[in-house]
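Bear in mind these aren't lab numbers, they're just calculated from the coordinates by the rules spelled out. Keep in mind that this is a model prediction, so the values were computed, not measured. Cβ: placed from backbone, ideal geometry, glycine included. Neighbour counts: every protein chain shown.
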Amino acid sequence: MTVLEDSAFVRACRGLPGPHTPVWFMRQAGRSLPEYRKIREGIGMLDSCRRPDLVTEITLQPVRRHDVDAAILYSDIVVPIAAAGIDLDIVPGTGPVVAEPIRAEKDLERLRPLAEGDVDYVAEAVRLLVAELGSTPLIGFAGAPFTLASYLIEGGPSRTYLKTKAMMYGDPALWNALMSRLAEITLAFLRTQIAAGVSAVQLFDSWAGALSEADYREFVMPHSASVLRGLDDAGVPRIHFGVGTAVLLEAMGEAGADVVGVDWRTPLDVATERIGPDRSVQGNLDPAILFAGWDVVEREARRVLAQGRAAPGHVFNLGHGVMPETDPEILTRLTALVHEVSAR
């Protein structure tokens with residue numbers, strides 16, 4: 001067993017005992033860190049994702065500061081679809097904005113498969129990071145087909161997903177063609193990261209919580225499964241995460257995940273009953289609790305750890321990403337607390 005395979009993080013993903021409960025934070029590399037804000041000054045988000053030297057430094061910043069058990073590649077879920085020909089930008093304060101949304105069959109022509117060399121900068125960043133991180137695992141990631149489709153169809157972030165659902169219900173042939181294409185792109189993007197050396201991957205289906213379980217199983221799950229099952233031979237743990245997905249947890253596990261990420265709305269012991277006893281869980285402290293004072297943070301972290309013991313493996317995390325206003329010192333203290341309380 002390699003050092004990375006024997007790390008607390010990978011062991012927890014595989015449902016194996018380890019020295020302590022591993023911890024990392026979604027969006028741990030980002031706006032909560034002053035060193036991140038300084039290094040990103042004057043550099044657009046997509047541009048920063050395409051510079052391996054910058055990606056390496058930003059990814060390493062929270063590992064140095066917080067002593068987390070895993071790093072996650074600094075990137076964005078729209079990086080592969082931009083590389084595949086979609087004209088988009090990540091607008092500060094708004095998010096991804098697509099110049100020409102996909103609304104008809106002819107629009108699919110603008111979304112081509114990833115070709116060799118399209119994301120070489122991502123592979124180079126992964127190789128640099130693996131060399132720098134040593135015994136600390138690196139998590140690769142990608143956006144799931146549904147979440148990517150919602151951006152492409154809506155043209156940007158949405159609260160209602162009206163256009164997305166209209167296509168899903170009203171033109172299932174076009175919907176499945178788009179989702180199949182996105183699944184191929186996503187799978188290729190993850191395979192590039194795995195080939196370069198990541199120790200695990202996370203599939204973000206951030207907006208899947210907008211769906212009922214029946215709709216998820218019919219319109220979305222087959223495409224997410226084609227990504228996750230497409231990595232059956234890759235040899236790395238697969239994490240599947242969404243927000244507001246309490247009713248989808250069982251299905252998300254069935255799609256092919258080794259670890260199911262759980263947001264703060266569902267206790268981890270309840271989530272484990274829904275997901276089943278053969279998968280690990282990740283989560284799930286409410287990010288807002290980090291603003292409530294240390295006594296509350298400690299109490300709630302202990303609760304999450306206790307509930308996480310119901311699963312065969314538990315990766316401590318927030319129930320969603322670190323908010324920009326978060327005090328980094330709280331994350332450092334929280335990491336140390338998790339290690340101390342869970343030490344075996």
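Tabulated results
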{"quantity": "Along each principal axis, Cα extent of the chain, largest first, Å", "calculated": "57, 43, 41"}
{"quantity": "Kirkwood-Stokes translational diffusion coefficient of the range 2-42, alpha-carbon pairs, 25 °C, 0.890 mPa s, µm²/s", "calculated": "199 µm²/s"}
{"quantity": "Tilt relative to the chain, helix 172-196 - C-alpha long axis, 0 to 90 degrees, to 10", "calculated": "50 degrees"}
{"quantity": "Cα centroid of the range 17-33 to Cα centroid of the range 101-174, whole Å", "calculated": "24 Å"}
{"quantity": "Kirkwood Rh, angstrom, the range 155-295 [1 / mean 1/r, Cα pairs]", "calculated": "16.1 Å"}
{"quantity": "Cα-Cα separations in the range 130-232 greater than 15 Å, expressed as whole percent", "calculated": "62 percent"}
{"quantity": "Reachable aspartates and glutamates from Lys165, criterion Cα separation under 17 angstrom, eight or more residues apart if same chain", "calculated": "Glu105, Glu154, Asp205, Glu213, Asp215, Glu218"}
{"quantity": "Label point distance in nm, Lys38-Asp6, each placed 7 Å from Cα along Cα→Cβ", "calculated": "3.7 nm"}
{"quantity": "Taking the chain and dividing mean pair separation by its residue count, relative contact order in percent (alpha carbons under 8 Å, at least six apart)", "calculated": "22 percent"}
{"quantity": "DSSP beta bridges in the chain [antiparallel fraction, %, rounded to 5]", "calculated": "15 percent"}
{"quantity": "Added length on full extension, which subtracts the Cα-Cα distance from 0.36 nm per residue, Val247 to Ala306", "calculated": "19.0 nm"}
{"quantity": "Protection proxy ranking, peptides 309-320, 171-182, average beta carbon neighbours within 10 Å, highest first", "calculated": "309-320, 171-182"}
{"quantity": "Which of Asp215, Asp205, Asp47 has the fewest Cβ neighbours within 10 Å, and the rest in rising order", "calculated": "Asp47, Asp215, Asp205"}
